[in-house]
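Student: Here's a structure for you.
The values are calculated or read from the model by the stated rules, or taken from the named source; none is laboratory data. Model, not experiment: these values are computed from the prediction. Cβ atoms come from the backbone with ideal geometry, glycine included; neighbour counts cover every protein chain shown. Quick note on the areas: whole protein, heavy atoms, side chains included, nothing else; ligands and nucleic acids left out. Shrake-Rupley method; radii C 1.70, N 1.55, O 1.52, S 1.80 Å.
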Amino acid sequence: MTKKVCILHVGGTIGMALSEYGWVPAKGFVERYLKSIESRPALPDWDLHRLEPLLDSANMRPSDWVRIAGEIVARYDDYDGFVVLHGTDTMVYTASALSYLLHGLAKPVVMTGAQLSLQDVRSDGREHLVTALILATLEIPEVTLYFGAQLFRGNRAQKIHNHDFVAFASGNLRPLAKVGVRIDVRFDLVRPAGSGVPRAVELEREPEVIALRVFPGISETLLRRVLADPVDGVVLETYGTGTFPSAQAGLLDAIGEAIDRGAVVVNCSQCHSGRVHQDLYGTGRALSDIGVVSGHDMTPEAALTKLYCLLGAGRPVEEVRRRMVHDLAGEISPL
Ligand code: ASP
């Protein structure tokens, strides 16, 4: 039987038009392109659902993650898979958040977009959309991101280029599929299907989370301001294997005081590949001593959205600390 895919058009360059204000979201391009490929035998059936207003993903907020998850959950039983057309700028944040909010997923959710609008004759969006439709019919029950002929686990990907067609990479997990003349899926890397998504998606509150990139010369005054109440979740983007300017007076105290007040501080590396080994150097061990938890090989984007979703779900701080170091949706590799 022909499979059926739901396409959610959220926004992004793929459907944008050039205006006097530069590229802005527009209606019609996605619809027109889909019409031109209707009833091709290799493709599943689809329905297109446009989320209003279409957004440049730079304008997306956590409430949009919850809304997209809700749209998927509401249609979950009616489709074999989902394609989410989204801007590239914050696509990995949304993909990561969806992987947590749709915990238990047993169907594919493929996110994609484009560097060039479908308005452009050279748009990469055409191949992305067609291939995403096909990928959404395969046994890949995860939130994934398809771009530049590679399929990534969504919570492992990072945007690495703002004009190459290969715009995403996944530093700590090989692509789940490579697409050429054939579609080669690494089923050994794909997560097993879950037992089904929640009936409804909602968060109890909007936590105050922040990503803080450590840099040489970071001052105690600045750090104290950034970590002041009401911050309740921090992704500390450290150097290399998780090292921090521990010798600089006051910095560790500022972080330690935030933790004592109940903030969850997670250590992720600024490096695109590799794992945090917080205790390898004294400069990282100092963070363990004050209660900073290791983000292992999570991307900062995956860690930030995980903090947001766990704290937003109203989980107690101790539970959030525990869950941050354990894999929830394939975002952390086993030790
Ligand atoms: N600013 C656009 C967006 O993220 C960029 C893109 O889609 O490539 O919506």
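Student: Tell me, what is a quarter of the convex hull surface for the C-alpha atoms of the stretch 37-77, in nm² with one decimal?
Tutor: Approximately 4.3 nm², given one-decimal rounding.
Student: Still on this structure, I have one more. Dimensions of the stretch 9-130 along principal axes (Cα, Å, largest first)?
Tutor: Largest to smallest, the principal-axis extents are 42, 37, 20 Å.
Student: Follow-up question, since we're still on this one. Which number do you get for Rg(Cα) / (2.2 N^0.38 Å) in the stretch 254-303?
Tutor: Working: Rg = 11.0 Å, N = 50, 2.2 N^0.38 = 9.7 Å.
Working it through for the stretch 254-303, the quotient is 1.13.
Student: By how many nm would the segment from W23 to H277 grow when fully extended, if each residue of separation counts as 0.36 nm and the alpha-carbon distance is taken off?
Tutor: 87.2 nm
Student: Here is the link list: K4/K178; K107/K306; K107/K178; K35/K159; K4/K306. Which ones come out longer than 27 Å on Cα distance?
Tutor: Details: K4/K178 23 Å; K107/K306 21 Å; K107/K178 20 Å; K35/K159 30 Å; K4/K306 30 Å.
In this structure, K35/K159; K4/K306 lie more than 27 Å apart at Cα.
Student: Take the eigenvalues of the Cα gyration tensor for the stretch 7-47, scale each by 5, and report the square roots as semi-axes in whole Å, largest first.
Tutor: Whole-Å semi-axes of the equivalent ellipsoid: 25, 10, 7.
Student: Moving on. Equivalent ellipsoid semi-axes for the chain, as square roots of 5 times the alpha carbon gyration tensor eigenvalues: give them largest first, rounded to whole Å.
Tutor: In descending order, the three semi-axes are 36, 20, 19 Å.
Student: Work out the length of the dipole vector of the stretch 24-82 about its Cα centre, built from +1 on the beta-carbon of each Lys and Arg and -1 on the beta-carbon of each Asp and Glu, and round it to the nearest 20 debye.
Tutor: Roughly 260 debye, rounded to the nearest 20.
Student: Considering only protein heavy atoms and a 1.4 Å probe, what is the carbon-and-sulfur percentage of the accessible area of the stretch 197-335?
Tutor: Working: 3350 of 6310 Å².
The C+S portion of the solvent-accessible surface of the stretch 197-335 is 53 percent.
Student: Heavy-atom accessible area per residue, the stretch 16-118, 1.4 Å probe: how many Å²?
Tutor: Accessible area per residue: 43 Å².
Student: Now for a different question. What percent does the relative contact order of the chain come to when contacts are Cα pairs within less than 8 Å and at least six residues apart?
Tutor: Answer for the chain is 15 percent.
Student: So, with +1 on the Cβ of K and R and -1 on the Cβ of D and E, and no other charges, what is the size of the charge dipole of the chain about its Cα centre, to the nearest 20 debye?
Tutor: 680
Student: Of all accessible surface on the stretch 81-170 at a 1.4 Å probe, what whole percent is carbon and sulfur?
Tutor: That share works out to 53 percent.
Student: For the chain, what proportion of DSSP beta bridges, expressed in % and rounded to the nearest 5, is antiparallel?
Tutor: Just about 35 percent of them are antiparallel.
Student: Let me ask something else. Enter the accessible area per residue of the stretch 194-335 (Å², integer; probe 1.4 Å; all protein chains in place).
Tutor: Averaged over the residues of the stretch 194-335, the accessible area is 46 Å².
Student: Let me ask something else. Any idea of S246's accessible area? Nearest 10 Å², probe 1.4 Å.
Tutor: Here the residue's solvent-accessible area equals roughly 40 Å².
Student: With a sphere of radius 9 Å drawn around the Cβ of T299, what net charge do the other residues whose Cβ falls strictly inside it have (Lys, Arg +1; Asp, Glu -1)? Display every interim value, and only then the final one.
Tutor: Values: positive: R156; negative: D297, E301, E331.
Within the 9 Å Cβ shell, the charges total -2.
Student: For a bin width of 10 Å, list the pair-distance distribution of the stretch 64-148 built from all Cα-Cα distances, rounded to whole %.
Tutor: With 10 Å bins starting at 0, P(r) equals 19, 51, 27, 4.
Student: Now for a separate question. Quick one: P(r) of the stretch 134-232 from all Cα-Cα pairs, 5 Å bins, percents rounded to integers, in order of increasing distance.
Tutor: 2, 9, 15, 14, 12, 13, 13, 10, 7, 4, 1, 0
Student: Using every Cα-Cα pair within the stretch 177-335, state what percent have a distance larger than 18 Å.
Tutor: 61
Student: Same structure again: Which Cα, out of H277, L223, I259, lies furthest along the positive dipole direction of the stretch 205-291 (beta carbon charges, K/R +1, D/E -1)?
Tutor: H277
Student: P(r) tail for the stretch 1-79, what percent of Cα pairs lie past 16 Å?
Tutor: Distances greater than 16 Å cover 58 percent of the Cα pairs.
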